[in-house]
Structures are given as structure tokens and as C-alpha cells.
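Report on the following structure.
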Amino acid sequence: MKIDNETIKLTQDLLKVYVCPEVKEATEKFLASPDDMTAGTLAIALTDGIASIDEAIAFAGSDYCKEKFGEEAAKSILEETVKAKKNGAKYCGCDGCQKALALLNALAE
């Protein structure tokens, strides 16, 4: 696990966007004690928390998405996500997933 200033900054940036509770908890624990053990736990949480493009499409088409963001926004999110998949995206393009992916890649270096 690579723990350096860049990794710490990416971790801090991740807390500025919405992430699932498990990722948030692991991120906070890592920042409180950045060592190999907490980095490993964080990597596992990130791996589980990053949505695939198919999961993102399912979310975007869900009633929950419509309720949370409104009909028009949900429709836009769905269109953007389907377009991203057609362009080869493998993961959700939201800020949380993209920052989590960047952090996971940094930890793996």
C-alpha cells in the first residue's frame, strides 16, 4: 500500500463528496491512523463501494433516483450514464465513485 501526501490528499478529497457509509467510515479511520492495516481496510471498502457502470444505470433508472433528484434530473443522469457505457466506461461517473477509484489506484501504486 502506498501512503504518501498525495494519497492523504485524495482521501481528504473523497470525504468532500457523497460516498456510502462504509467507505466514509473506512476513510475516516484511515485518516485518523494512516497505516498499512487501515489502508487495506480502506482498499476493501473502496473496491466494494465503487459502482460499476451497470449498477449506475440501474440506479439512474430507479424510482429512488427519481424521488431523490426529480424526474428530469434522473432522466438526464440515466442518459449520461448510458452514453458513458456506450463510450466504454466501466465504472460510475459520479464524483464519489471517481474519487474513490482514483484513491484506490493511488493506494495500489
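The values are calculated or read from the model by the stated rules, or taken from the named source; none is laboratory data. Keep in mind the model is a prediction, meaning the values are calculated, not measured. All Cβ positions, glycine included, derive from the backbone under ideal geometry; neighbour counts span all protein chains shown. For accessibility, only protein heavy atoms count, side chains too; no ligands or nucleic acids. Shrake-Rupley method; radii C 1.70, N 1.55, O 1.52, S 1.80 Å.
In the set Ala56, Ala74, Ala26, Ala32, only one residue is without any contact (Cβ under 8 Å) to a residue 12 or more places away in the chain and hydrophobic (A, V, I, L, M, F, W, C); that residue is Ala32.
Which members of region 2-20 meet the condition of being open to solvent by less than 90 Å² (accessible area, probe 1.4 Å) and either under 11 Å from the mean Cα position of the chain (by Cα) or small (Gly, Ala, Ser) (or both)? The answer is Leu14, Leu15, Val17, Val19, Cys20.
For Ile44, the conditions (1) closer than 11 Å to Leu107 by Cβ; (2) assigned to a helix (DSSP H, G or I); (3) modelled with pLDDT under 95 all hold with the exception of (3).
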